[in-house]
Amino acid sequence: MKKILTSFAIFFIALTVYGQNTVLSTWPYLYPEFANGTAYLNDGKKYEKEMNIHLAKGRLHFIDNGFIKEVKTSDIILVDLNGEQFTVLDGNVVKAVGDLDKGYVAVLTTVDFQRLNEAQGAYGITTTNSATMKMSSVDLVGVNTNHMELRQNKNSGREIALKTVYYIVAGGNVYQATKKGIESNLDAAGKAAFKTFQKQHNIKWKDPESLLQLVDFINSLQ
């Protein structure tokens with residue numbers, strides 16, 4: 001059982017394409033432009049920079065003096081970006097839908113590497129390395145490159161398919177968010193309650209807002 005923010009457990013729900021279906025190899029980011037955001041770190045500090053989410057590696061990138069840098073995921077507690085909130089799940093920056101204290105749906109949008117491998121060919125552009133405080137040493141597309149140069153070439157790459165993985169954080173337990181997955185982790189009384197719950201609620205298994213109903217249900221069993 002995996003933990004996040006020391007007090008929650010996570011659980012896998014499903015795979016589906018969410019929001020955008022593809023990105024370009026020269027711009028593997030969640031948003032078409034870097035946007036003003038705030039990253040709250042576990043040492044009490046915070047970054048207020050232009051930020052974006054790198055979809056190939058699940059990392060938070062930001063612009064610093066014209067160059068793209070990366071925040072270490074192990075340092076991140078919460079990110080407010082482009083009107084949405086993000087946290088870290090299994091080393092990846094994920095969108096958080098709901099209340100981090102009471103339970104939420106986590107949405108990880110990432111490059112579909114299986115389809116990428118099937119297409120026979122890696123993607124990316126050359127980057128350079130430099131040591132930066134709070135930065136990862138991993139060499140990624142975009143890291144330590146000039147933001148304007150990368151932006152100018154953003155439309156020159158090829159399309160890369162995305163996939164989305166959903167998670168839920170609730171009740172301190174891990175449940176696969178399918179009917180069978182949830183039932184397999186419930187006792188007799190919980191299964192009866194879940195059966196009644198399904199009759200009263202139309203859960204859309206690929207919709208984070210709908211999946212929040214499962215958070216409420218799981219919390220109600222505690």
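The values are calculated or read from the model by the stated rules, or taken from the named source; none is laboratory data. As the structure is a prediction and not an experimental result, all values here were calculated from the model. For neighbour counting, all protein chains shown are included, and Cβ atoms are generated from backbone atoms with ideal geometry for every residue, glycine included.
Is it true that some residue in the range 175-186 is surrounded by 14 or more Cβ atoms within 10 Å (Cβ to Cβ), at pLDDT below 90, of a type in the set (Ser, Thr, Tyr) and out of contact with any Asp or Glu (no Cβ under 8 Å at 6 or more places or on another chain)? Yes, the conditions are met somewhere in the range 175-186. If only residues of the range 41-66 that are surrounded by fewer than 16 Cβ atoms within 10 Å (Cβ to Cβ) and without any contact (Cβ under 8 Å) to a residue 40 or more places away in the chain are counted, the one that is farthest from the chain's Cα centre (by Cα) is ASN65.
For first residues located in the range 209-222 and closer than 16 Å to GLU183 by Cα, partners that are part of a helix (DSSP H, G or I) and lie 6+ apart or on another chain with Cβ distances below 8 Å form the pairs LEU214/ILE182; PHE217/ALA193; PHE217/PHE194; PHE217/PHE197; SER220/ALA193; LEU221/GLY190; LEU221/ALA193. PHE217 meets each of the listed conditions (1) closer than 26 Å to GLY91 by Cβ; (2) surrounded by 18 or more Cβ atoms within 10 Å (Cβ to Cβ); (3) modelled with pLDDT of 90 or more apart from (1).
In this structure, does LEU55 turn out to be modelled with pLDDT under 95 and closer than 30 Å to ILE182 by Cα? It is true that LEU55 is modelled with pLDDT under 95 and closer than 30 Å to ILE182 by Cα. Contact annotation: residue pairs with Cβ atoms under 7 Å, 6 or more positions apart or on different chains, pairing a residue in the range 135-153 that is farther than 20 Å from SER74 by Cβ with a partner that is loosely packed, with under 14 Cβ neighbours inside 10 Å and modelled with pLDDT of 90 or more, are ASN146/GLY66; HIS147/GLY66; MET148/GLY66. Note on the range 114-163: residues that are assigned to a loop (DSSP other than H, G, I, E, B) and modelled with pLDDT under 75 amount to 24. In this structure, ILE76 does not qualify as in contact with a helix residue (DSSP H, G or I) (Cβ under 7 Å, 6 or more places away or on another chain) and at pLDDT 95 or above.
One residue stands out in the range 84-113 among those that are within 15 Å of the chain's Cα centre (by Cα) and not in a strand (DSSP E or B): the one that is surrounded by the fewest Cβ atoms within 10 Å (Cβ to Cβ), namely GLY91. All told, LEU41 meets the bar of being aliphatic (A, V, I, L, M), under 18 Å from THR73 (Cα atoms) and modelled with pLDDT of 85 or more.
The residues of the range 151-173 include none that are under 15 Å from GLY98 (Cβ atoms) and surrounded by fewer than 17 Cβ atoms within 10 Å (Cβ to Cβ).
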